[in-house]
Amino acid sequence: MGYETKSTLDTERSTAPGTGTTTKSCSMTQVVLRFVLFAATLTSIVVMVTSKQTKNIFLPGTPIRIPAAEFTNSPALIYFVVALSVACFYSIVSTFVTVSAFKKHSCSAVLLLNLAIMDAVMVGIVASATGAGGGVAYLGLKGNKEVRWDKICHIYDKFCRHVGGAIAVSLFASVVLLLLSIISVLSLYKKIR
């Protein structure tokens with residue numbers, strides 16, 4: 001009877017949340033996801049910033065140069081780039097903080113709370129930027145006949161592909177941030193419980 005009780009206690013300690021393997025896997029998951037977030041946001045920024053396209057139309061007798069389409073033509077796309085830049089910088093800082101905290105094995109509840117709050121804030125920022133960029137991209141693709149906004153993606157096809165790719169990667173970054181937010185809250189819960 002005494003042996004069974006000791007064995008049960010040892011088993012409970014080894015599988016308790018917030019100890020041993022669970023903490024290591026959680027920290028490695030956070031580090032990997034934060035690195036993936038960095039890669040996704042940086043990729044989205046680079047694709048959006050390099051989306052400039054100029055078109056020449058040849059009418060009988062004279063070529064006409066249409067103004068370039070670039071992200072700086074739309075306040076929503078400028079916001080998109082700025083918001084993703086903030087998220088990219090946050091991913092770098094939070095990765096270093098997470099790595100240093102888990103290397104020292106001193107991940108405090110205050111640190112976990114700050115990460116959980118900032119992850120939630122970043123979800124909102126990146127999701128709103130993705131929505132704003134997606135709205136502009138949709139207008140470029142379909143136009144709006146009621147207010148006479150013409151579609152432009154049949155003219156600026158390369159530009160629209162870049163914008164669409166940047167928004168798709170940004171949507172992926174939003175999902176990664178949501179996962180990070182959930183993991184941060186669960187880690188905090190395990191720490192204070």
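Listed conditions (1) modelled with pLDDT under 80; (2) in a helix (DSSP H, G or I); (3) open to solvent by less than 30 Å² (accessible area, probe 1.4 Å); (4) not aromatic (F, W, Y) are all met by T23, apart from (3).
Restricting the range 28-40 to residues that are at pLDDT 90 or above and under 19 Å from I182 (Cα atoms), the residue that is most open to solvent (accessible area, probe 1.4 Å) is F35.
Just one of the listed residues (F89, F159) is free of Cβ contacts under 8 Å to residues at least 12 places away in the same chain and not polar (S, T, N, Q), namely F89. Among the residues of the range 142-170, those identified as over 25 Å from L42 (Cβ atoms) and open to solvent by 90 Å² or more (accessible area, probe 1.4 Å) are K142, K145, E146, R148, W149, D150, K151, H154. Which one is nearest to P67 (Cα to Cα) among residues in the range 176-189 that are surrounded by fewer than 16 Cβ atoms within 10 Å (Cβ to Cβ) and of a type in the set (A, V, I, L, M, F, W, C)? Ranking the candidates gives I182 first. Residue count for the range 141-171 under the criterion of being over 17 Å from Q53 (Cα atoms) and under 28 Å from the mean Cα position of the chain (by Cα): the result is 7. Would you call I92 open to solvent by 20 Å² or more (accessible area, probe 1.4 Å) and farther than 23 Å from L42 by Cα? It is false that I92 is open to solvent by 20 Å² or more (accessible area, probe 1.4 Å) and farther than 23 Å from L42 by Cα. Restricting attention to the range 103-124, the residues that are basic (K, R) and assigned to a helix (DSSP H, G or I) total 1.
Confirm whether F89 is over 17 Å from the mean Cα position of the chain (by Cα) and in a helix (DSSP H, G or I).
In short, no.
For the range 162-193, residues that are under 21 Å from Q30 (Cβ atoms) and without any contact (Cβ under 8 Å) to a residue 12 or more places away in the chain total 3. Which of the following residues is surrounded by fewer than 20 Cβ atoms within 10 Å (Cβ to Cβ) and in a helix (DSSP H, G or I): A137, A173, A127? Exactly one of A137, A173, A127 is surrounded by fewer than 20 Cβ atoms within 10 Å (Cβ to Cβ) and in a helix (DSSP H, G or I), namely A127.
If the condition is being among the hydrophobic types (A, V, I, L, M, F, W, C) and under 34 Å from the mean Cα position of the chain (by Cα), then the range 55-85 contributes I66, A68, A69, F71, A76, L77, I78, F80, V81, V82, A83, L84.
The values are calculated or read from the model by the stated rules, or taken from the named source; none is laboratory data. Just so you know, these numbers come straight off a predicted model, no measurement behind them. For neighbour counting, all protein chains shown are included, and Cβ atoms are generated from backbone atoms with ideal geometry for every residue, glycine included. Quick note on the areas: whole protein, heavy atoms, side chains included, nothing else; ligands and nucleic acids left out. Shrake-Rupley method; radii C 1.70, N 1.55, O 1.52, S 1.80 Å.
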